[in-house]
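Only the coordinates and a few stated rules stand behind these numbers; no lab work does. Only a predicted model underlies this, so the values are computations on that prediction, with no experimental measurement involved. Virtual Cβ from ideal backbone geometry, glycine too; neighbours counted across all protein chains shown.
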Amino acid sequence: MAMSVIYNLNISTQGASYGNISSCSSTSAEYAILLSCIYIGNTLLGLILSVMVLWAIWPEVRRLLGLPFYAVNLLGAAILECLVLPFGVSYLLNIFTVGSLVCHVLGLIPKIVQRTAAVFLVWMFLVRYMAVKQPLKYKTLSSIWVCGSVSFTLWSIVIAISVTEQVLTDTNTGKCFPDFRLATEWAVLDLMLSFIFNFLPLSLLCFLGHFIYRALKNSPSVPKEQRERIRKILYLAAFSFGALFCPMHIVMVYQSILLLLGYSICEVNLKVFLPYQFTFALNSYGVAIAPIFYVFSSSTVNRKLRGLMKDRQKKVNADKDLNK
């Protein structure tokens with residue numbers, strides 16, 4: 001979703017509802033370079049970590065399905081965004097220009113993967129609750145047919161909503177990444193989507209995390225140390241989601257409210273332009289958070305990656321010994 005901040009500021013006026021936004025805001029070359037460095041760093045870190053964690057978790061996916069299978073969807077979403085980010089960096093630095101169709105595709109992908117990640121994270125919390133509260137139902141949710149059907153359905157719903165939104169709100173303003181949408185007629189839609197894909201998932205994560213911990217607390221078969229570890233992991237996941245993605249949606253809600261109150265496009269743009277860019281820069285760290293979270297939360301992943309690093313270090317030391 002970090003890509004959404006990257007757009008062409010030299011926008012020609014295409015109707016009274018938008019106004020001349022380019023006269024209301026500007027960004028310096030230094031700022032563009034700074035943003036590009038952030039996105040490039042996050043892309044490299046997120047891509048490397050996601051591939052490594054995917055390699056480490058794959059045996060569990062084949063053996064257990066269930067939660068590991070849904071985790072693959074989160075990692076896949078992060079990898080997909082990492083692959084798109086470099087195009088946005090190139091666009092931000094005016095290295096290349098793209099046509100209208102490519103603009104729509106590049107603008108859609110970050111939006112889709114961020115929303116998909118939110119939906120899958122909530123679903124994983126729900127599945128975890130079922131695993132604790134009703135283990136038999138969890139086994140049903142872990143079957144290959146259910147895992148595949150749920151994953152396909154969730155991706156399809158998010159894609160359908162995002163594509164429909166893109167088609168309905170297309171104003172041909174020349175922006176390659178049109179998430180920064182300043183149009184009074186779509187302010188209510190923006191409020192609804194922020195609620196559906198951010199504030200509602202965050203609330204569900206907090207409630208489900210609390211219920212999971214209560215279920216574990218009442219389970220005599222779960223040691224106290226393990227209960228505390230799971231509780232910290234659940235609340236850390238909810239906190240990370242809120243800290244990374246909520247600021248951007250708060251800015252969008254503020255923007256929508258200003259538009260509904262009758263502020264001009266130029267006034268709103270002056271108020272939200274910089275906060276929007278800063279919150280999307282923060283948002284870009286999401287591509288690295290998911291794999292980092294699995295490194296620290298899964299003992300299996302941690303152990304496999306540690307073994308990989310040790311084997312790599314042994315190989316390097318052996319090569320040094322041969323060269324002496």
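In terms of packing, defined here as the mean over residues of other Cβ atoms within 10 angstrom, the peptides 253-265, 134-146 line up highest first as 253-265, 134-146.
What full-extension length gain, to one decimal in nm, is calculated for THR140 and THR169 as 0.36 nm per residue of separation minus the Cα-Cα distance? If you can, show how the numbers build up before the last one.
On the way: separation 29, 0.36 × 29 = 10.44 nm, distance 4.03 nm.
In short, 6.4 nm is gained.
Computed from the C-beta positions of ARG229 and LEU93, the FRET efficiency with R₀ = 30 Å rounds to 0.10.
Would you mind estimating how fast segment 239-299 diffuses translationally, via Stokes-Einstein at 20 °C and 1.002 mPa s with the Kirkwood radius over Cα pairs, in µm²/s? Can you show the working numbers first?
Details: Rh = 13.0 Å.
Stokes-Einstein gives a translational diffusion coefficient of 164 µm²/s.
If R0 is 45 Å, the Cβ-Cβ spacing of THR300 and ALA160 corresponds to a FRET efficiency of close to 0.80. Quick one: Debye curve from the C-alpha atoms of segment 130-286, no solvent, what's log10 I(q)/I(0) at q = 0.10 Å⁻¹? Reported log10 I(q)/I(0), two decimals: -0.53. Largest first, the three principal axis extents of the alpha carbons in segment 73-144 are 55, 19, 17 Å in whole numbers.
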